[in-house]
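The values are calculated or read from the model by the stated rules, or taken from the named source; none is laboratory data. On a predicted model such as this, the values are computed, not experimentally measured, just so you know. With ideal geometry, Cβ positions are generated from the backbone for all residues, glycine too; neighbour counts draw on all protein chains shown.
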């Protein structure tokens, strides 16, 4: 059954600490490549075998690394450097799945209604929870294929501080943003790479990681592999201490496999991913250029 073939590799993929500086295509694939290098060859083969089943519809987006770009490709509406596919899906119903908008409110402004309720359905942490729930209960290869693509992508997204925070400001430096800055999208910047707002600038790793996915991405694969290896050496899993404790996710998985599941099993699993979002928020927000306040 599909879940028995994949659940071990999936748990490892979930618990690999993602170390990436950017979350445009380059950063997402780098995060996935870091995970790939820490899985066994047989685990990678099982995952790639599943993802390849969609290769007719999504050529070039059907292995563990390139599938990391697939959820962003769904949003493409026009051809360009970041959307080179022949067919534009132009699907935006999944857009909220990419974010957890925890309020960053250093001036203690009055927040919009429900802004403090930042764990809605949909959100990135909710989607990750839904993914592991599906993987723990389904035998559908389609469900595994679909959810794996979101897992690979969202583990990267929730470690981008501006996917895990929404800033509220009212000052001369950052502007009048009492309704939120939409993850830095409303804070303009000037850059050398065309990133014209803070969110895009952060996504581009301050213009350091700019290689976009394309059907010919294999030309850049060697450099990506080396970059991932260097990051793993510099930041081994042990360097993260208990911040990404695999036991937390294993506890969630054990509850899912329990035939007499407790009524709060979804909440038990969601707290794992909420913990990751909070870690990104607490670590990243003070260091994001333009976000710090005196």
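Hey, does segment 107-124 have a residue that's under 30 Å from residue 170 (Cα atoms), part of a helix (DSSP H, G or I) and within 18 Å of the chain's Cα centre (by Cα)?
Looking through segment 107-124, at least one residue is under 30 Å from residue 170 (Cα atoms), part of a helix (DSSP H, G or I) and within 18 Å of the chain's Cα centre (by Cα).
Among the numbered criteria (1) on the phi < 0 side of the Ramachandran plot; (2) surrounded by 18 or more Cβ atoms within 10 Å (Cβ to Cβ); (3) within 20 Å of the chain's Cα centre (by Cα), which one does residue 169 miss?
Result: residue 169 passes all but (3).
Please determine, by comparing only the residues of segment 71-98 that are touching a strand residue (DSSP E or B) at 6+ places or on another chain (Cβ under 8 Å) and outside any helix (DSSP H, G or I), which one is farthest from residue 163 (Cα to Cα).
77
For residue 72, are the conditions met, namely being surrounded by fewer than 16 Cβ atoms within 10 Å (Cβ to Cβ), more than 21 Å from residue 253 (Cβ to Cβ), at pLDDT 90 or above and within 14 Å of the chain's Cα centre (by Cα)?
Taking the combined requirement at face value, the residue does not satisfy it.
Go through 264, 290 for me and flag whichever is at pLDDT below 85, within 30 Å of residue 103 (Cβ to Cβ), out of contact with any strand residue (DSSP E or B) (no Cβ under 6 Å at 6 or more places or on another chain) and loosely packed, with under 15 Cβ neighbours inside 10 Å.
Selected residue: 264, the only one of 264, 290 that is at pLDDT below 85, within 30 Å of residue 103 (Cβ to Cβ), out of contact with any strand residue (DSSP E or B) (no Cβ under 6 Å at 6 or more places or on another chain) and loosely packed, with under 15 Cβ neighbours inside 10 Å.
Surrounded by 21 or more Cβ atoms within 10 Å (Cβ to Cβ) and over 22 Å from residue 101 (Cα atoms), is that true of residue 150?
no
Which condition from (1) in contact with a helix residue (DSSP H, G or I) (Cβ under 8 Å, 6 or more places away or on another chain); (2) farther than 26 Å from residue 126 by Cβ is the one that residue 88 breaks?
(1)
Please find, among 221, 243, the residue that is loosely packed, with under 13 Cβ neighbours inside 10 Å and either touching a residue at least 40 places away in the same chain (Cβ under 8 Å) or within 23 Å of residue 68 (Cα to Cα) (or both).
243
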